[in-house]
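Written out below as structure tokens is the structure these notes cover.
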Amino acid sequence: MGASSGIGLEVAKLLMAEGWTVGVAARRTELLQDVGAADMERIDVTADDATERLRRLIDRLGGMDLFFYASGVGKQNAELAEAIELATVETNAMGFTRMIGEAYRYFADHGGGHIAAITSIAGTKGLGPAPSYSATKAMQNVYLQALEQQARSRGLAIHFTDIRPGFVDTALLSGDFRYPLMMRPERVAQDIVRVVNRRRHVRVIDWKYRILTAVWRRIPRWLWRRINLLG
């Protein structure tokens, strides 16, 4: 899900190279034509028919063992423009819940499977430059954790991998501002496929961001609110 560009596209290519039968989905199907997947479906995660379309794709493929989710939006929004905040919540919270929930229900009914989702290190702390983005990414982290606990309590063989990259050079971060410690999507995708195959629970990509987020977590609230990230 979200295979039209960036990390999702690169992960789809790597999985196909490993021999997976891959079905791809995105809002912009014209960008899926050259992926070379076994099947594709137009899915807008904010639309009411998104789960129905996902089920149709699964049926055409003959089932699903891995649901890989790479959809998301994000913008810096220091002015707190309402349209940006609400669109981010609609995609990253509502859309995420809609699609991850449908994959969970499918696996619950079909003997188990693996849900892997790209979230972000932005969920570590509330980020002033991107309030709704960091808040929805924190929500995604906690939602996956809650489903993992629920699946175990219910005796469901559903595995979860929460993938938390730092800044990746994709269209999501395009613009005049140059983000630090930028990573290439191809290298990030290689790391992702490796940890998915190993069924890791949580993965922060890469080592520099693992150090950074460890430091972030230890900053007390009284100090964090005094740090100016707006530049």
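With the Cα gyration tensor of the stretch 88-231 giving a ≥ b ≥ c as the square roots of its eigenvalues, does the rule (a/c under 1.5 for rounded; else a/b larger than b/c for prolate; else oblate) give rounded, prolate or oblate?
On the way: a/c = 1.86, a/b = 1.60, b/c = 1.16.
Prolate, since a/c reaches 1.5 and a/b exceeds b/c.
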Counting only protein heavy atoms, what percent of the accessible surface of the stretch 22-140 is carbon or sulfur at a 1.4 Å probe? 48 percent
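Skip the ligands, DNA and RNA, and give the accessible area per residue of the chain with a 1.4 Å probe, whole Å².
On the way: 12090 Å² over 231 residues.
Solvent-accessible surface per residue comes out at 52 Å².
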Relative packing of 157-164, 11-18, 196-203, which averages over residues the other C-beta atoms within 10 Å, highest first: 157-164, 11-18, 196-203
Among the lysines, which have Cα under 24 Å from the Cα of LYS208 when same-chain residues fewer than 8 positions away are ignored? LYS75, LYS125, LYS137
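The values are calculated or read from the model by the stated rules, or taken from the named source; none is laboratory data. Quantities reported herein were computed from a predicted structural model and do not represent experimental measurements. Cβ sites come from the backbone with ideal geometry, for glycine too, and all protein chains shown count toward neighbours. Heads up: the accessible areas ignore ligands, DNA and RNA and are worked out on the full protein's heavy atoms, side chains in. Shrake-Rupley method; radii C 1.70, N 1.55, O 1.52, S 1.80 Å.
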